[in-house]
Ligand code: LER
Ligand code: MN
């Protein structure tokens with residue numbers, strides 16, 4: 001596995017669970033100094049994560065990019081796949097496609113989280129799921145042509161009326177023709193929704209394509225009450241070999257949340273003791 005840490009470049013996302021904010025180069029510099037393998041970037045537009053901007057920073061600081069989030073389309077424009085307005089659904093799809101292309105150019109995956117669909121008057125859950133499926137068929141195939149899986153993230157009940165648990169998500173993804181959409185398992189959402197987080201991880205196994213590392217209160221791992229070892233053991237045993245990415249609140253401050261995330265990653269994922 002490899003370590004990653006999040007940076008948001010979207011002013012409208014303020015208050016959200018991102019460790020670094022606003023300044024991409026400062027995030028690269030801090031994550032590199034602390035010893036992370038990669039950054040996960042939440043850009044406002046595909047252009048903000050263009051290779052001409054991001055590649056030189058990857059080279060200068062020796063970091064990879066794990067993933068790009070697409071939620072900027074929701075927080076900045078209120079676009080999503082479940083809108084009754086076909087023009088908004090088309091905008092949502094074009095935005096995510098742009099991020100899929102920018103991500104692939106960086107060797108990274110794109111994440112469909114809040115763009116998946118919000119409740120709308122007159123739109124049934126079945127209809128919203130059908131539109132989500134259409135979008136994932138299209139975007140999963142686009143990502144496949146570019147050599148990357150697409151990530152789909154089940155969210156907790158307060159953020160999504162579609163799929164809240166890993167098991168439901170795997171079942172839904174199994175109905176798609178594309179086999180290129182993988183599950184993003186986020187410890188914060190799982191803590192709210194799963195009967196057992198370790199069992200959900202074991203049952204999902206190889207379908208997990210990305211992992212958000214957060215404690216029960218969405219602070220850095222170790223700052224809440226999660227029994228972390230049970231979860232990281234399940235992840236190891238499921239054969240997961242991707243990024244473990246700190247998507248947490250910047251508390252008490254960005255640098256401390258990042259440093260704590262890396263300490264926890266080294267202890268629980270790499271099995272290192274304090275003096276190594
Ligand atoms: C995005 O990865 C996520 O987990 C959402 O809850 C952010 O609001
Ligand atoms: Mn997440």
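Give me the distance in nm between label points sitting 7 Å out from Cα along the Cα-to-Cβ direction at residue 127 and residue 179, one decimal.
Using points 7 Å along Cα→Cβ, the separation is 3.4 nm.
With a 10 Å cut-off between alpha carbons and a GNM built on the chain, which of 82, 69, 222 moves the most?
The residue with the greatest mean-square fluctuation here is 222.
Starting from the Cα of residue 241, step 7 Å toward the Cβ, then list every residue of the stretch 1-18 with an amide N under 12 Å from that point.
Within reach of a label on residue 241, which here means backbone N under 12 Å from a point 7 Å along Cα→Cβ, the stretch 1-18 contributes 1-2.
Which three extents, in whole angstrom, do the alpha-carbon atoms of the chain cover along their principal axes, largest first?
Principal-axis extents of the chain (Cα, largest first): 57, 43, 33 Å.
Taking 0.36 nm per residue of sequence separation and subtracting the Cα-Cα distance, how much length would be gained by fully extending the chain between residue 217 and residue 251, in nm to one decimal?
Details: separation 34, 0.36 × 34 = 12.24 nm, distance 1.10 nm.
Full extension from residue 217 to residue 251 adds 11.1 nm.
Which of 165, 218, 206 moves the most in a Gaussian network model of the chain with Cα springs under 10 Å?
Highest fluctuation of the listed residues: 206.
Roughly how compact is the stretch 1-132, stated as its Cα Rg over 2.2 N^0.38 Å to two decimals? It would help to have the intermediate numbers written out before the result.
Details: Rg = 15.6 Å, N = 132, 2.2 N^0.38 = 14.1 Å.
Output field value: 1.11.
When the chain is modelled as a GNM with alpha-carbon springs shorter than 10 Å, which of 14, 89, 202 fluctuates the most?
14
Would you compute, from DSSP H runs of 4+ residues alone, the mean residue ellipticity of the chain at 222 nm, taking -39500 (n - 2.57) per run and dividing by the full residue count, rounded to the nearest 500?
The helix-only estimate for the chain comes to -12500 deg cm²/dmol at 222 nm.
Taking 2.2 N^0.38 Å as the expected size of a compact globular protein, what ratio does the Cα radius of gyration of the stretch 134-198 give against it, to two decimals? Could the numbers behind the result be given before it?
On the way: Rg = 12.4 Å, N = 65, 2.2 N^0.38 = 10.7 Å.
The reported ratio for this selection is 1.15.
Quick one: what does P(r) look like for the stretch 111-261 with 5 Å bins over all Cα pairs, in whole %?
Computed distribution, short to long bins: 2, 10, 18, 21, 19, 15, 9, 5, 1, 0.
If r is the Cβ-Cβ distance from residue 225 to residue 87 and R0 is 51 Å, what FRET efficiency results, to the nearest 0.05?
Numbers: r = 45 Å, r/R0 = 0.89.
So, using R0 = 51 Å, E works out to roughly 0.65.
So, in nm, how far is label residue 161 from label residue 134 when the simple model puts each one 7 Å beyond its Cα toward the Cβ?
Between residue 161 and residue 134, the label points sit 1.9 nm apart.
Does the stretch 79-191 come out rounded, prolate or oblate, given a ≥ b ≥ c as the square roots of the eigenvalues of its C-alpha gyration tensor, rounded meaning a/c under 1.5 and, failing that, prolate meaning a/b above b/c? Please list the in-between numbers first.
Values: a/c = 1.62, a/b = 1.18, b/c = 1.38.
It is oblate, given that a/c is not under 1.5 and a/b is not larger than b/c.
No value in this document is a laboratory result; all are computed from the given coordinates. All values reported here derive from a predicted model rather than from experimental measurement. Virtual Cβ from ideal backbone geometry, glycine too; neighbours counted across all protein chains shown.
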